[in-house]
Structures are given as C-alpha cells and as structure tokens.
1. Working with all protein chains in place, sort LYS154, LYS126 by solvent-accessible area computed with a 1.4 Å probe, largest first.
2. Between ASP81 and ALA203, how high is the FRET efficiency from 1/(1 + (r/R0)^6) when r is the Cβ-Cβ distance and R₀ = 45 Å? Nearest 0.05.
3. For the chain, with all protein chains present and a 1.4 Å probe, just round the carbon and sulfur fraction of the accessible area to a whole percent.
4. What residues of segment 66-104 lie in the reach of a label at ALA45, counting those whose backbone N is under 17 Å from a point 7 Å from the Cα along Cα→Cβ?
5. Could you pull the accessible area for THR134 with a 1.4 Å probe, rounded to 10 Å²?
6. Could you please put SER184, SER102 in sequence from largest to smallest accessible area, using a 1.4 Å probe?
7. Is segment 42-149 rounded, prolate or oblate when judged by the Cα gyration tensor, a ≥ b ≥ c being the square roots of its eigenvalues, rounded requiring a/c under 1.5 and prolate requiring a/b larger than b/c?
8. Which of these values of mean projected area of the Cα convex hull in nm² was calculated from the structure shown: [x] 11.4; [y] 22.6; [z] 12.2?
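The values are calculated or read from the model by the stated rules, or taken from the named source; none is laboratory data. Keep in mind it's a predicted model, so treat the numbers as computed, not measured. FYI the Cβ positions are ideal-geometry reconstructions off the backbone, even for glycines, and counts take in every protein chain you see. All accessible areas refer to the heavy atoms of the entire protein, side chains included, with ligands and DNA or RNA removed. Shrake-Rupley method; radii C 1.70, N 1.55, O 1.52, S 1.80 Å.
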Amino acid sequence: MPHRYLQELTTPSVVAAQEHYGSRPAIGRMVAGWDTDAMLGTDEAAFIAERDSFYLATVGENGWPYLQHRGGPPGFLHVLDPVDGHSVLAWADLRGNRQYLSVGNLGAAPQVSLLLMDYAHQRRLKIIGTARVTDVREADGVLEGLGVPGQPGKVERLITVDVHGYDWNCPQHITPRFSEAELSDALAPMRDELARLRADNRALREQLHGRTLPAQSRDRDSHEH
C-alpha cells in the first residue's frame, strides 16, 4: 500500500527534507494511521503479469546503487502465494554478462526496489522488498511452475522478493511508447480496414474490366471487317 511504502522509506533524512521544503504537514496527514498491509491486490497482480520487463535496484557494500533491467516474456515475473502477511514475487534469473553485480549486492543487502513500467498506458508501479537468491544447483525443483514458454537462456538461480510496500506513480512525464506486440494490437483495426478496401477495390476493378471487355472486342471486330 502507498502508506506502507512511504513508511518504509521515510527516514530521518527524508523527514528533514520534507520539513525543509514544506511538505511534511501534508505528508503527515496523508499517512496518518499507517497501513501495515503489504499485500498486492488483484490490480497489481494483473499489472505485473502483463509486464515483459522491470528495473531492479540494489546497493553494494560501498554504498553505490546499481540499477539493472530485467526482461522476458510477459508473465516471467510471478506473484506467488503470500508468506507471513507479505506478497511474494519471483523470477527465474538467467545467466547474463557474468558480472553478478545485482546478485553480489543482494549477498550484502537484501533490500531491493522494483520499477515496473507500462509506457503505452502511462502507468508505473513501484515495489520495495527483501530478496532471496537460491542457486538452482542447491535446490531441486526450485523452478517448478516458474518457467515461461519461449524464454531463452540458462537459468542459474531463483530470486524471490518479499514485498514490503508498493505505490502507483502518477502518469505525469511518462512518454507513451509501444512495443511491437502493442502496436500490432492497436493497428489491427486499420489492417482489417485496409484489407477490406483492397478487396473492394479489386472487386471494382474486376467489375470494370468485365464491362469494358465486350466493347473492346466489338472495336476489334469492326477493324477486322
């Protein structure tokens, strides 16, 4: 929930910044009576199931944040059954450039932030939680039910995230962008209309050809005689 999300992220330094810029009273009223529920709703679960990518933020021991893009077929990021009052996300993590920056960071600090974008509809969902990494060589059947048809690559680990809070951002400044699949769906009516117009044009040409052909034949006959 937004209240839980803000509760987790509102540190003394954040409070000081809110006071400095004058937003603290409004923020305080907005989050009065903290909501401790960290369960994703049906709208959030549906939104997550449709995504083919998200951004993952971790932090290393030296304090540097690291932001990584994760992608796959829609549905590769799963919402599992809740555990101890927390929604749980999971995905099969594939072998990449073998730098292991995110995985290494998670060994030192399990806190993560996920940003899920829907550019076409100008929506974004922010999620924070604690992550666990499970090497597939150390756990039999750990990926059961998490495979996604058409997802290439070698799975090296399973990453699960206990959700501690989430929030929807406003659509301001999100420039609409469309994937090939989204464009295909959006353009389907135009393609159907174009096909109909082409068929009508073909029928008219055939009809016109059928009307003019006898006259041409008569002209040819008159010249021959």
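1. LYS154, LYS126
2. Values: r = 57 Å, r/R0 = 1.28.
That pair, ASP81 with ALA203, gives E of 0.20.
3. Values: 7880 of 14500 Å².
Carbon and sulfur: 54 percent of the exposed surface of the chain.
4. Answer for this model: 75-91.
5. Spelled out: THR134, probe radius 1.4 Å, area about 50 Å².
6. Correct descending sequence by accessible area is SER184, SER102.
7. Rounded, because the longest to shortest axis ratio a/c is under 1.5.
8. Computing mean projected area of the Cα convex hull in nm² and matching it to [x] 11.4; [y] 22.6; [z] 12.2 gives [y].
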